[in-house]
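Before any comments, here is the structure.
The values are calculated or read from the model by the stated rules, or taken from the named source; none is laboratory data. No experiment lies behind these values; they were computed from the predicted model shown. Neighbour counts run over all protein chains shown; Cβ positions are idealised from the backbone, glycine included. Ligands, DNA and RNA are stripped out before the accessible areas are found, and what is left, the full protein with its side chains, is counted by its heavy atoms. Shrake-Rupley method; radii C 1.70, N 1.55, O 1.52, S 1.80 Å.
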Amino acid sequence: MKHLVLVGGGHSHLAVLKSLGDAPAEGARLTLLSPNRQAVYSGMIPGLIAGHYRSEDCRIDLRPLAARAGGPFIEDSAVGVDLARREVITAGGGRLTYDLLSLDIGSTSGAPARVSRHALSFRPVEGFLAGWERLREAARRSEVRRIAVVGGGAGGVEVLLAMQHALAGASVQFALFNDTRILDGHNESVRRRIGRILGARGVTVRAGQRVVAVREDGLELEGSEDFDAQATVWVTGGGAPSWIAESGFATDPRGFVAVSDTLQSPSHPEVFAAGDCAAIIGDSSPKSGVIAVRQGPILAGNLRRALVGELPEPFRAPARALALISCGDRYAVAAWGRLAVEGAWVWRWKDHIDRRFVERYRLEVPSVGG
């Protein structure tokens, strides 16, 4: 019987688990390895920060999903892969032998050493949420008067506006920094709408300024300029876990697992990868939760095909994808190609999509003795 090991509880692996639960793969057994029993759906994190959701609204329990798919859940982290022996090495000292391996572990903070000591990084999410609780309470006690957010993509904008909404009763100023223009890669209408909202809410925007270091009391900018802030939140593009390259996988220049359009490693065809930890060769599309969700069904199908020796199918990234950017309050901006719209109805639309995603993977946990 072949052993399929899934490492990570990311968006793509949720689809794999559901597929194998709906129709088990003949002649195969499964093991799921993840450091957290509950997967947090990234699309709802800004709403959680803002106070629109409870923590449990955004979480998916991985153990019952794995059980339904016919395999155990192991709450541990991967720290390496012995590719020659086909073994996953865990932080707890365990070794999992596999015939087929799939990685969906997300990304790390990507923050350089001069940043990570004093900045609150958005990745990993569980660490960020714990840090946000402490930051929120410090701000409410007036110990934090200014928060700098580094990262001007959709994630940085959403996190900043969500924190500002949550701290509406406190006297806290916000500043947003990015190496390039804010929301670079989005259409002009989206940038204009978000720029208007940031301005109306008193956010200081410093586009085109590179942060080179974070201190306890602020930022050091390129050109030796200082910016005072009692807290810094780092929401830039993530980095690759160091053990990926150290294990000997073929990688892209940033250290992410290089995969073909079938989500398969060209150096080790028994290994698949999806989501933020993967880089499709020849595809420069930015990483996003939307892409990870779309990769899920293709990954599930290709793992099934690999288990029986059939040829995999390619994943085709969409030419354009819907982007929904929440604005702290129950208001959002939507983008599709060159189009953009905004309003409270857009937030309700996003809320419906997000809740439906989480409910799709929710299973009842059986009671002891039940």
Self-check item: Separation of alpha-carbon centers, the range 22-48 and the range 89-128, rounded to whole Å
Solution: 16 Å
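Roughly how many debye, to the nearest 20, is the charge dipole of the range 56-110 about its Cα centre, given +1 on each Lys and Arg Cβ, -1 on each Asp and Glu Cβ, and no other charges? Don't jump to the answer; show the numbers that get you there.
Numbers: 6 positive and 9 negative charges, 42 e Å.
For the range 56-110, the charge dipole is close to 200 debye.
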Quiz item: In what order, largest first, do Asp276, Asp99 sit by accessible area if the probe radius is 1.4 Å?
Solution: Asp99, Asp276
Exercise. Specify the angular offset, from 0 to 90 degrees and rounded to the nearest 10, of the alpha carbon long axis of helix 188-200 from the longest principal axis of the alpha carbons in the chain.
Key: 50 degrees
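Would you mind working out the accessible area per residue for the range 119-191, using a 1.4 Å probe, and quoting it in Å²? All intermediate terms of the calculation are to be shown ahead of the outcome.
Values: 3010 Å² over 73 residues.
Accessible area per residue: 41 Å².
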Quiz item: What is the Cα coordinate range of the range 240-315 on the first, second and third principal axes, sorted by size from largest, in whole angstrom?
Solution: 32, 27, 19
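Plugging the Kirkwood radius over Cα pairs into Stokes-Einstein for the range 1-132, at a temperature of 4 °C and a viscosity of 1.567 mPa s, what D comes out in µm²/s?
Using the Kirkwood radius from Cα pairs, D works out to 81 µm²/s.
Pull out the extension gain between Ala200 and Val308, defined as 0.36 nm times the separation in residues minus the alpha carbon to alpha carbon distance; nm, one decimal. Intermediate values should be presented prior to the final figure.
Details: separation 108, 0.36 × 108 = 38.88 nm, distance 5.76 nm.
Stretched fully, the Ala200-Val308 segment lengthens by 33.1 nm.
With the full set of protein chains in place, find how many percent of the accessible area of the chain is carbon and sulfur; take the probe as 1.4 Å. Each step should come with its number before you reach the end.
Details: 8350 of 16910 Å².
Percent of accessible area from carbon and sulfur atoms in the chain: 49.
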Self-check item: Mean-position separation - Cα centroids, the range 285-302 and the range 224-247, in angstrom
Solution: 25 Å
Exercise. Kindly provide the helix-only [θ] at 222 nm of the chain, computed as the sum of -39,500 (n - 2.57) over DSSP H runs of four or more divided by all residues, to the nearest 500 deg cm²/dmol?
Key: -9000 deg cm²/dmol
Quiz prompt | 0 to 90° range, to nearest 10: angle between helix 289-307 axis and the chain longest Cα axis | solution = 10 degrees
Quiz item: Per residue, how much accessible area does the range 198-343 have with a 1.4 Å probe, in Å²?
Solution: 46 Å²
Quiz item: Taking the alpha-carbon centroid of each part, what is the distance from the range 259-283 to the range 345-359 in angstrom?
Solution: 30 Å
Quiz item: If the cut-off is 23 Å between C-alpha atoms, which lysines fall inside it for Lys2, apart from same-chain ones fewer than 8 positions away?
Solution: Lys18
Quiz prompt | Cα long-axis angle, helix 154-166 against the chain (0 to 90 degrees, to the nearest 10) | solution = 60 degrees
